[in-house]
Amino acid sequence: MKIAALSQEIMIVLIGILLLLIVSSLTAFILTKTKPEKDFTEINLRIKSWWMMATVFTFAILINHNISLIFLAFLCFLALKEYLSLIPTHRAHRQILFWAYLAIPIQFYWIYIGWYGMFIIFIPVYMFLFLPIRMLLIGENKGFLRTMGSVHWGLMLMVFGLSHLAYLLVLPGTTGANVASGTGLVLYIVILTQCNDVAQFMWGKTLGKHKVLPRVSPNKTWEGLLGGIATTMGLALLLAPLLTPFALWSTLFSGFAISLAGFIGDVNISSLKRDLGIKDSGQTIPGHGGILDRVDSLTYTAPLFLHFVRYFYFG
Amino acid sequence: MKIVRRLFFTIIIRPFILIILGLNVRRPENLPTEGPAILVANHNSHLDTLVLMTLFKGKKIHGIRPVAAADYFLKNKWLAWFSLHIMHIIPLNRRPKRRDESLFQGVYDALDQNEIVILFPEGSRGEPEKVSRLKSGIYYLLRERPDVPVYPVFMHGLGKSLPKGEALFVPFFCDVFVGESFAWHSDKKTFMTTVETQMEELANEGGFTAWE
């Protein structure tokens with residue numbers, strides 16, 4: 001099997017992830033053995049899930065371009081399904097949800113053929129105009145705004161937002177001799193976003209005192225946020241030369257912006273969950289909760305990052 | 001036929017239920033590992049039986065027997081073949097003319113062969129995402145096999161995915177709550193109350209709002 005995307009730089013990054021996972025597994029193992037009085041079940045479960053996610057993601061992204069697109073489309077499907085299962089939906093409007101799902105293959109088709117103009121307006125304009133027409137044909141007025149608003153909001157975050165990850169793969173100019181392959185950019189944004197989540201969590205756990213948004217997410221502190229920003233900027237300095245064509249200023253700015261946007265994406269979904277009165281969005285990923293709990297930050301970082309690189313490097 | 005059934009569930013039904021639909025199962029460890037046992041569940045969709053059967057992996061599928069309405073599932077040759085051989089149903093006459101001693105014979109045979117029988121005490125799929133009044137057939141059925149344990153299971157979401165009378169399937173995550181098993185009781189009212197409260201508790205666990 002020929003793995004085209006596997007350049008030497010990407011290889012180094014993958015070895016880095018592997019080392020990071022081994023170190024965290026070892027640390028958790030030692031902590032579990034040396035402090036039997038404490039309960040590390042959840043942490044161990046989380047690390048185990050990280051291994052799973054890293055493995056699946058690495059293979060899905062590296063093996064082949066089309067597999068990557070199918071994998072990301074499936075990720076959008078899982079996120080949208082989780083969202084639509086959580087929110088209260090109207091019985092008469094079942095068919096609207098069916099059309100919302102149908103937007104996923106269509107959106108990914110635009111990405112597959114590299115039609116940027118259609119990719120960027122299909123959900124914000126055409127789905128936005130089409131769904132109400134379908135509603136009018138059903139003719140159930142009760143709950144019109146609720147269905148319309150909640151379904152389109154979900155489509156924007158879970159399909160439009162997340163599909164930006166896939167568009168990184170087909171940016172014009174990312175193939176060929178250019179070091180910064182689309183695969184490299186996807187790895188960069190996903191690794192930074194996920195590590196930022198973990199870093200903010202850890203800084204918050206160890207130093208956290210002053211709450212940022214006490215009513216939305218009481219666990220988020222200024223210490224966690226600032227520590228996360230610093231950590232992510234540091235990580236950006238390490239990864240950018242391997243995975244991106246970034247100059248120093250873009251590296252630092254992207255690290256800062258990913259950290260901040262990741263935070264906002266996270267609390268955005270927290271607010272939704274609080275509104276619905278639930279803690280975890282699901283049980284799909286042991287120790288983490290549902291798919292939404294894992295991709296919440298990406299719904300903000302992916303679109304911002306795509307437009308940043310597109311404007312400054314592939315415009 | 002066993003091979004066809006096994007393949008049908010492994011290649012088509014399991015991937016469909018787990019990937020397109022998606023299950024959140026609470027306490028799968030409460031499920032019976034061997035028969036004889038009776039699984040009672042709420043009934044809102046044709047998907048109910050498929051989800052319950054998906055909870056049992058591999059070879060076990062041969063020992064799972066859903067009780068299904070003869071008038072519906074045997075109504076034509078093709079459906080009857082599929083129902084009897086692939087779904088492996090125990091057909092039940094929903095409207096026996098008068099006292100019929102052999103009404104539950106199929107269920108007794110299955111239980112005597114240590115199989116796990118799936119039963120929907122509501123009798124019909126009814127309104128989506130609503131539990132209808134439970135029928136007392138299960139009491140009379142168990143009177144002849146009083147030692148068989150009853151396992152309550154509540155499913156949420158399937159009535160939204162494929163409600164009665166709709167042909168369009170829409171994916172929703174399905175929550176499955178498995179309760180603690182309980183035994184038959186000689187007093188009909190006590191036993192039926194137990195079944196009802198068990199199902200109600202499982203239904204309330206998810207805190208789901210009614211589907212308007």
Of the residues in segment B:201-212, those that are open to solvent by 70 Å² or more (accessible area, probe 1.4 Å) and without any contact (Cβ under 8 Å) to a residue 60 or more places away in the chain come to B:E201, B:N204, B:T209, B:E212
Qualifying position, being open to solvent by less than 60 Å² (accessible area, probe 1.4 Å), in a loop (DSSP other than H, G, I, E, B), more than 14 Å from chain A (Cβ to nearest Cβ) and of a type outside the set (S, T, Y), among B:P171, B:P128, B:P152, B:P146:
B:P146
Tally up the residues in segment A:244-273 that are of a type in the set (A, V, I, L, M), part of a helix (DSSP H, G or I) and more than 16 Å from A:Q194 (Cα to Cα), please.
3
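Quick one: which helices (runs of 4 or more DSSP H) sit completely within segment B:1-99 and have at least 1 residues that are surrounded by fewer than 15 Cβ atoms within 10 Å (Cβ to Cβ)? Give the steps one after another, and end with the answer.
Working: elements: B:2-7, B:47-54, B:70-73, B:77-81.
Once the helices (runs of 4 or more DSSP H) in segment B:1-99 are filtered for at least 1 residues that are surrounded by fewer than 15 Cβ atoms within 10 Å (Cβ to Cβ), what remains is B:2-7, B:70-73, B:77-81.
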Would you check which residues across segment A:107-136 are under 26 Å from A:R91 (Cβ atoms), open to solvent by 20 Å² or more (accessible area, probe 1.4 Å) and either within 14 Å of chain B (Cβ to nearest Cβ) or within 20 Å of the chain's Cα centre (by Cα) (or both) and list them?
A:R134
A:F256 fails exactly one of the following numbered conditions: (1) buried (at least 21 other Cβ atoms within 10 Å of the Cβ); (2) among the aromatic types (F, W, Y); (3) over 18 Å from A:A166 (Cα atoms). What is the number of that condition?
(1)
Of all residues making up segment A:137-156, the number that are within 12 Å of A:A92 (Cβ to Cβ) and of a type in the set (V, I, T)
2
Just a yes or no: is a residue in segment B:167-190 out of contact with any strand residue (DSSP E or B) (no Cβ under 8 Å at 6 or more places or on another chain) and at positive phi?
no
Using beta carbons and a limit of 6 Å, which pairs, at least six apart or on different chains, have the first residue in segment A:261-282 and over 10 Å from A:T299 (Cβ atoms) and the second one at pLDDT below 90 and hydroxyl-bearing (S, T, Y)?
A:V267/A:S217; A:S270/A:S217
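So if I check each of B:L84, B:L7, B:L23, which one is within 27 Å of A:T284 (Cβ to Cβ) and free of Cβ contacts under 8 Å to residues at least 24 places away in the same chain? Walk me through how you get there before you give the answer.
Values: B:L84 fails: within 27 Å of A:T284 (Cβ to Cβ); B:L23 fails: free of Cβ contacts under 8 Å to residues at least 24 places away in the same chain.
Unique residue meeting the criteria: B:L7.
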Mind checking which residues of segment B:174-212 are away from every other protein chain (no Cβ under 14 Å) and not in a helix (DSSP H, G or I)?
B:G179, B:E180, B:S181, B:F182, B:A183, B:W184, B:H185, B:S186, B:D187
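Of the residues A:L21, A:L69, A:L84, A:L78, only one is of a type in the set (A, V, I, L, M, F, W, C), within 30 Å of B:L158 (Cα to Cα), touching a residue at least 24 places away in the same chain (Cβ under 8 Å) and out of contact with any Ser or Thr (no Cβ under 9 Å at 6 or more places or on another chain); which? Spell out how you get there, then give the answer.
Values: A:L21 fails: within 30 Å of B:L158 (Cα to Cα); A:L84 fails: out of contact with any Ser or Thr (no Cβ under 9 Å at 6 or more places or on another chain); A:L78 fails: out of contact with any Ser or Thr (no Cβ under 9 Å at 6 or more places or on another chain).
None of the others qualify; the one that does is A:L69.
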If I filter segment A:1-17 for residues that are hydrophobic (A, V, I, L, M, F, W, C), surrounded by 19 or more Cβ atoms within 10 Å (Cβ to Cβ) and free of Cβ contacts under 8 Å to residues at least 40 places away in the same chain, do I get at least one hit?
no
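Residue by residue through segment A:73-98, note down the ones that are surrounded by 15 or more Cβ atoms within 10 Å (Cβ to Cβ), of a type in the set (A, V, I, L, M, F, W, C) and at the interface with chain B (Cβ under 10 Å from one of its Cβ atoms). First the steps, then the outcome.
Going through segment A:73-98, the residues surrounded by 15 or more Cβ atoms within 10 Å (Cβ to Cβ) turn out to be A:73, A:75-87, A:89-97.
Those still in the list that are of a type in the set (A, V, I, L, M, F, W, C) too: A:73, A:75-80, A:84, A:86-87, A:92, A:96-97.
Result: A:F77, A:L78, A:L80, A:L84, A:L86, A:A92, A:I96, A:L97.
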Among (1) under 21 Å from A:I61 (Cα atoms); (2) assigned to a helix (DSSP H, G or I); (3) more than 11 Å from every other protein chain (Cβ to nearest Cβ), where does A:A103 come up short?
(1)
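Would you check which residues across segment A:137-147 are among the charged types (D, E, K, R) and either outside any loop (DSSP other than H, G, I, E, B) or away from chain B (no Cβ under 14 Å) (or both) and list them? If you could, list the steps in order and put the result at the bottom.
Initially, segment A:137-147 is screened for residues among the charged types (D, E, K, R), giving A:140, A:142, A:146.
A:R146 - this is the single residue of segment A:137-147 that is among the charged types (D, E, K, R) and either outside any loop (DSSP other than H, G, I, E, B) or away from chain B (no Cβ under 14 Å) (or both).
Whether any residue in segment A:50-58 is over 30 Å from A:L185 (Cβ atoms) and assigned to a helix (DSSP H, G or I) is what I want to check. Outline the logic, then answer.
Filtering segment A:50-58 for residues over 30 Å from A:L185 (Cβ atoms) gives none.
No; the residues of segment A:50-58 include none that is over 30 Å from A:L185 (Cβ atoms) and assigned to a helix (DSSP H, G or I).
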Right, B:K164: in contact (Cβ under 8 Å) with a residue 40 or more places away in the chain, open to solvent by 50 Å² or more (accessible area, probe 1.4 Å), away from chain A (no Cβ under 14 Å) and not acidic (D, E) or not?
no
With the checklist (1) away from every other protein chain (no Cβ under 14 Å); (2) more than 18 Å from A:F305 (Cβ to Cβ) in hand, flag the one item A:G182 doesn't pass.
(2)
For segment B:61-79, which positions are touching a residue at least 24 places away in the same chain (Cβ under 8 Å) and either in contact with a strand residue (DSSP E or B) (Cβ under 8 Å, 6 or more places away or on another chain) or farther than 16 Å from B:V117 by Cα (or both)?
B:G63, B:I64, B:R65, B:P66, B:V67, B:A68, B:A69, B:A70, B:D71
The conditions are (1) surrounded by 17 or more Cβ atoms within 10 Å (Cβ to Cβ); (2) modelled with pLDDT under 75, and A:D280 fails exactly one of them. Which is it?
(1)
If I go through segment A:216-247 residue by residue, how many of them are open to solvent by 20 Å² or more (accessible area, probe 1.4 Å), touching a residue at least 40 places away in the same chain (Cβ under 8 Å) and closer than 23 Å to A:D275 by Cα?
2
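The values are calculated or read from the model by the stated rules, or taken from the named source; none is laboratory data. Just so it is clear, the model here is predicted, and its values are computed rather than measured. Backbone-built Cβ (ideal geometry, glycine too); neighbour counts: all protein chains shown. Only protein heavy atoms, including side chains, enter the accessible area calculation; ligands, DNA and RNA are left aside. Shrake-Rupley method; radii C 1.70, N 1.55, O 1.52, S 1.80 Å.
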